[in-house]
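Following: one structure in structure tokens, then a few remarks.
Nothing in this text is a laboratory measurement; each read-out follows from the coordinates by a stated rule. As the structure is a computational prediction, the values presented were derived from the model and not from experiment. When we count neighbours, we look across all protein chains shown, and the Cβ atoms used for this are built from the backbone with ideal geometry, even at glycine.
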Amino acid sequence: MALAHVVLQNLKITPAQLAAMPQEEKAFIYASLSVAAEENKKIAERRHD
């Protein structure tokens, strides 16, 4: 999953830390990354216009 990769690489969270997180915390991180990705996509589209 791409979001897990971002969490592990960019947020410097280890696989063990990710596995130990409560489901609600993981969901919050994934949702935040999804929002950020959408914002980055919109910014990139505006640059190409």
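Conditions: (1) surrounded by 10 or more Cβ atoms within 10 Å (Cβ to Cβ); (2) in a helix (DSSP H, G or I). I13 meets all but one. Number of the miss?
For I13, the failing item is (2).
Is it true that I29 is assigned to a helix (DSSP H, G or I) and surrounded by fewer than 11 Cβ atoms within 10 Å (Cβ to Cβ)? Reasoning before the result, please.
On the way: assigned to a helix (DSSP H, G or I): yes; surrounded by fewer than 11 Cβ atoms within 10 Å (Cβ to Cβ): no.
No; evaluated as a whole, the condition is false for this residue.
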